[in-house]
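A.B. asks: Mind looking over this structure? Questions follow.
We did not get these values from a lab; they are worked out from the coordinates using the rules stated. Note that the structure is predicted; figures quoted are calculated from it, not measured. Virtual Cβ from ideal backbone geometry, glycine too; neighbours counted across all protein chains shown.
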Protein chains: 2
Amino acid sequence: MDRRQKKRGNRYAPTNFSKRFKIMAITEIPTPAALIDTARMLRNINTMQTRMTSLGVKLRPHVKTSKCVAVVQQQIRAGASGITVSTLKEAEQFFAAGVTNILYAVGMVPSKLAQAKALRDKGCDLKIIVDSLDAANAVVDFGRSHAHVLEVWMEVDTDGHRAGLKPDGDELLGVGRALRDGGMTFGGVMTHAGASYELNTPEALQAMAEQERSLCVLAAERLRAAALPCANVSVGSTPTALSAEHLEGVTEVRAGVYVFHDLVMVNIGVASTDDVALSVLTTVIGHQKDKGWALVDAGWMAMSRDRGTQKQTRDYGYGQVCDVDGRVIDGYTLTSANQEHGILSRADEVGGDITHRFPVGTVLRILPNHACATAAQFPEYVAVGATRAETWPRFYGW
Amino acid sequence: MDRRQKKRGNRYAPTNFSKRFKIMAITEIPTPAALIDTARMLRNINTMQTRMTSLGVKLRPHVKTSKCVAVVQQQIRAGASGITVSTLKEAEQFFAAGVTNILYAVGMVPSKLAQAKALRDKGCDLKIIVDSLDAANAVVDFGRSHAHVLEVWMEVDTDGHRAGLKPDGDELLGVGRALRDGGMTFGGVMTHAGASYELNTPEALQAMAEQERSLCVLAAERLRAAALPCANVSVGSTPTALSAEHLEGVTEVRAGVYVFHDLVMVNIGVASTDDVALSVLTTVIGHQKDKGWALVDAGWMAMSRDRGTQKQTRDYGYGQVCDVDGRVIDGYTLTSANQEHGILSRADEVGGDITHRFPVGTVLRILPNHACATAAQFPEYVAVGATRAETWPRFYGW
């Protein structure tokens, strides 16, 4: 250990920190900031990967949560087989970072086909999805006129909450035939049981996981029976992935938010607050003593407008307040927010000690309702480990 | 007119468009995109500036709404006297673009003072605010130890909704004395009647505007009576600015969202849907025919999670659907949203014609609940005028 390292002691080494600031301790990070607790994140990644491996399926993480190469590299290192993206920009960014096996999990429209082909022409193994005969025919038309064979998967609706073909309907087979006859590669079926977000008991979650699995497998078997080979059977959401008792007939699982977890997942029951790896670092900037309010510099622009816990068992307002080291301060939440002001108070009572409990300058961490939405508000993460902190850039937009 | 221009006809000229895409018509813009109708924006800017001039006050627009130099240049061209910012990053970006008269309208904390001083050292006429004796003393300590005189304004609470000193309290005078005795420049008082967002009648809005004005003027007069000269009396919010009957004693008004307006402002009653200059351009990507749903590629990541109209007279879901030219399609809203999927349907009935009414590939504009939140989701605007379209970059983060 050289003298410079020695002097730092157990503070955070500034290695790899952006030039904008040199950080020697968490309390020196400009606020608001999106903090990743890397130990928690790695534990979340490992828990999900181990579970998927033991259930005999591959894991294709949804990278819309982090939109960060450094995070996704950890997921791949742990064993992920490829990635799921929600935008073609994500596909472009992660392909540029070396990821080739990519599923674009939003219904393809004709106007985006040229962008998808451009990626495939560069060597990206991009798979696209359709959920109607019209969409399939549009892909076929494009593929033929550009002499390009696209790999197309079908979205299946297993819970009625969003898009997808009915697993027991005729259009499913019609789409399969249209793709095959049109010379495209039919790659498989995929579904997302987003309705799992409305549940909060292990029994209900297991039942939803089984519904998601069995209906997606049904779709695959009907296609196979119609002489349409269906190699991939892809299901997933974080709640169902962490609840499924078995995944027979499934080849891969997609899940996203598990990498960070959040208060919505805590309410659903698939994570505890100690698993939440993303928080917003904030500073107390003032008080309204009579009201028991401390004002912090994390408003809704930093936390996002997501109020996902509003209709759940426990409403965390705009987030759960923790101390600077990430320990929950029970009873204190961001009860309200303006664009750049958060209002920190006890939800249950007006405490008279707010100015002493949280003096101006106090640094806190706020756990978010919804990690995907909160992370999206920041150009970069500050990833904090036991011995060092780094800035990890993330991207946004389309 | 040369041959190239002639060929274009009345399509949008690609002048100044980003290199990522050449746009010849709105329907060729990759979706989702944040569209600015520049004619509506310029009308909004002109309406507000004219009103402020006729009321005898200066206008200091809040640039947190657009975070875009091209937009703010139009506000300054129309007569704005300076700008209001919600983050020091905004101050840095707009100062770099040539704006010097800047009010940072969020309570100052010690940890941000060095960043503020750095801006002032470069020639930025940055004013900061405090709302407590503790915060004022911290500024004085910093100023003294750095031999730097900061210009400090006081935030006054005129509606109980957020931060600020009581206009009739003792601490107001104490803060003024602390700043004067500490050698800082005391610049004035400022307030923001955010409670105006909860109103929706001209009478209630006029009353709130008068409350905001009279209490802020009261604070200024009490300070003056205590031999603390108070040069600036700054009030404002878009609803009160557009409702005030007179502004006696006020020197300037701050307002932000008026530049774009949004559905929250429509519900409050200070704008019509024809005034909303910001929309999200989106493409229909699929259907759930039985449910009367069209799925579009603008989910909550594009619209933001802001559900500001939820508690208002008319709930627009995640936004009001318009045709590609911006004409409202009555009764159709984004009734729900996933991250990259919006669900477009009639709020009042399940229409059987959804696939014919909105075929896959249909391009639409969605008016947002809250322009500040929606705009923040995009790295750039596409500004569409009568004869041309341009991309205008915007920034985010802290």
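A.B. asks: Placing the label point 7 Å from Cα along the Cα-to-Cβ direction, what are the distances from A:Gln73 to the equivalent spots in the other copies, shortest first, in nm to one decimal?
C.D. replies: For A:Gln73, the inter-copy label distances come out at 3.8 nm.
A.B. asks: Between the range B:194-258 and the range A:301-344, how far is it from one alpha carbon centroid to the other, in angstrom?
C.D. replies: First find each Cα centre; the distance between them is then 30 Å.
A.B. asks: Give the relative contact order (percent, whole number) for chain B; include only Cα pairs under 8 Å separated by 6+ residues.
C.D. replies: On the way: 884 pairs, mean separation 77.6, N = 398.
Relative contact order comes out at 20 percent.
A.B. asks: Let me ask something else about it. A:Ile329 label points, 7 Å along Cα→Cβ, one per copy: pairwise distances from this copy to the rest in nm, shortest first?
C.D. replies: Label-point separations across copies, in nm and ascending: 4.8.
A.B. asks: At a 10 Å Cβ-Cβ cut-off, how would you order B:Tyr258, A:Tyr396, A:Tyr318, fewest neighbours first? Can you show the working numbers first?
C.D. replies: Working: B:Tyr258 30, A:Tyr396 19, A:Tyr318 27.
Fewest-to-most Cβ neighbours within 10 Å comes out as A:Tyr396, A:Tyr318, B:Tyr258.
A.B. asks: Further, regarding this structure: Report, for A:Ala225, each distance to the same residue's label point in the other copies, shortest first and in nm; define the point 7 Å along Cα→Cβ.
C.D. replies: 8.7
A.B. asks: Nearest 20 debye, what's the magnitude of the dipole of the protein assembly as shown about its Cα centre given +1 on Lys and Arg Cβ and -1 on Asp and Glu Cβ? Write down the numbers at each step before the final one.
C.D. replies: Details: 88 positive and 84 negative charges, 637 e Å.
Value, rounded to 20: 3060 debye.
A.B. asks: Roughly how many whole Å is it from the C-alpha centroid of the range A:273-293 to that of the range A:59-119?
C.D. replies: Value for the Cα centre distance between the two parts: 34 Å.
A.B. asks: Which whole number gives the average count of other chain Cβ atoms within 10 Å of the Cβ atoms across peptide A:374-384? Don't skip to the end; give the middle numbers.
C.D. replies: Values: counts 1, 0, 8, 7, 3, 6, 1, 0, 0, 0, 0.
Partner-chain Cβ atoms within 10 Å, mean over residues of A:374-384: 2.
A.B. asks: Calculated from DSSP H runs of 4 or more alone, at -39500 (n - 2.57) each and per residue, what is the 222 nm mean residue ellipticity of chain B, nearest 500?
C.D. replies: Working: 13 runs with 122 residues, N = 398.
When only DSSP H runs of four or more count, the value is -9000 deg cm²/dmol.
A.B. asks: Where along chain B is the Cβ that lies nearest the axis linking it to chain A, and how many Å separate them?
C.D. replies: B:Arg305, 2
A.B. asks: Take every residue in peptide A:278-289, count the Cβ atoms of other chains within 10 Å of its Cβ, and give the average of those counts. Each step should come with its number before you reach the end.
C.D. replies: On the way: counts 0, 0, 0, 0, 0, 4, 2, 12, 15, 6, 9, 1.
Average neighbour count from other chains, rounded to a whole number: 4.
A.B. asks: I want the antiparallel fraction of DSSP beta bridges within chain A, as a percent rounded to 5. Let's see the in-between values first.
C.D. replies: Details: 30 of 61 bridges.
Bridges in chain A are about 50 percent antiparallel.
A.B. asks: Ok, one more. For a 21 Å ceiling on Cα separation, which of these pairs sit above it: A:Lys166/B:Lys289; B:Lys289/B:Lys311; B:Lys112/B:Lys166; A:Lys291/B:Lys112; A:Lys289/B:Lys166?
C.D. replies: On the way: A:Lys166/B:Lys289 12 Å; B:Lys289/B:Lys311 29 Å; B:Lys112/B:Lys166 25 Å; A:Lys291/B:Lys112 26 Å; A:Lys289/B:Lys166 12 Å.
The pairs that break the limit, which is 21 Å between Cα atoms, are B:Lys289/B:Lys311; B:Lys112/B:Lys166; A:Lys291/B:Lys112.
A.B. asks: Report, as an integer, the average count of C-beta atoms from other chains found within 10 Å of each Cβ along A:87-95. Show your work: numbers first, answer last.
C.D. replies: Details: counts 6, 1, 2, 1, 0, 0, 0, 0, 0.
What the average comes to for A:87-95 is 1.
A.B. asks: Where nothing but the Cβ of Lys and Arg (+1) and of Asp and Glu (-1) is charged, how large is the charge dipole of the range A:41-259 around its Cα centre, in debye to the nearest 20?
C.D. replies: On the way: 22 positive and 23 negative charges, 178 e Å.
The calculation lands at about 860 debye.
A.B. asks: Taking K and R as +1 and D and E as -1, what net charge do the other residues with C-beta under 13 Å from the C-beta of B:Phe378 add up to?
C.D. replies: Working: positive: A:Lys89, B:Lys67, B:Arg394; negative: B:Glu380.
Cβ neighbours under 13 Å give a net charge of +2.
A.B. asks: Can you give the local net charge around B:Arg40? Use residues other than it whose beta-carbon is closer than 10 angstrom to its beta-carbon, Lys and Arg +1, Asp and Glu -1.
C.D. replies: Numbers: positive: B:Arg43; negative: B:Asp37, B:Asp274, B:Asp275.
Once positives and negatives cancel, what remains is -2.
A.B. asks: Right, another one. Rounded to the nearest 20 debye, what is the charge dipole size of the range B:97-160 about its Cα centre when +1 sits on each Lys and Arg Cβ and -1 on each Asp and Glu Cβ? Mind dumping the intermediate values first?
C.D. replies: Working: 6 positive and 9 negative charges, 86 e Å.
Dipole size: approximately 420 debye.
A.B. asks: Arrange the peptides A:264-270, A:335-341, B:198-204 so that the one whose residues have, on average, the most other Cβ atoms within 10 Å appears first.
C.D. replies: Details: A:264-270: 22.7, A:335-341: 21.1, B:198-204: 14.3.
Listed from highest to lowest mean packing, they are A:264-270, A:335-341, B:198-204.
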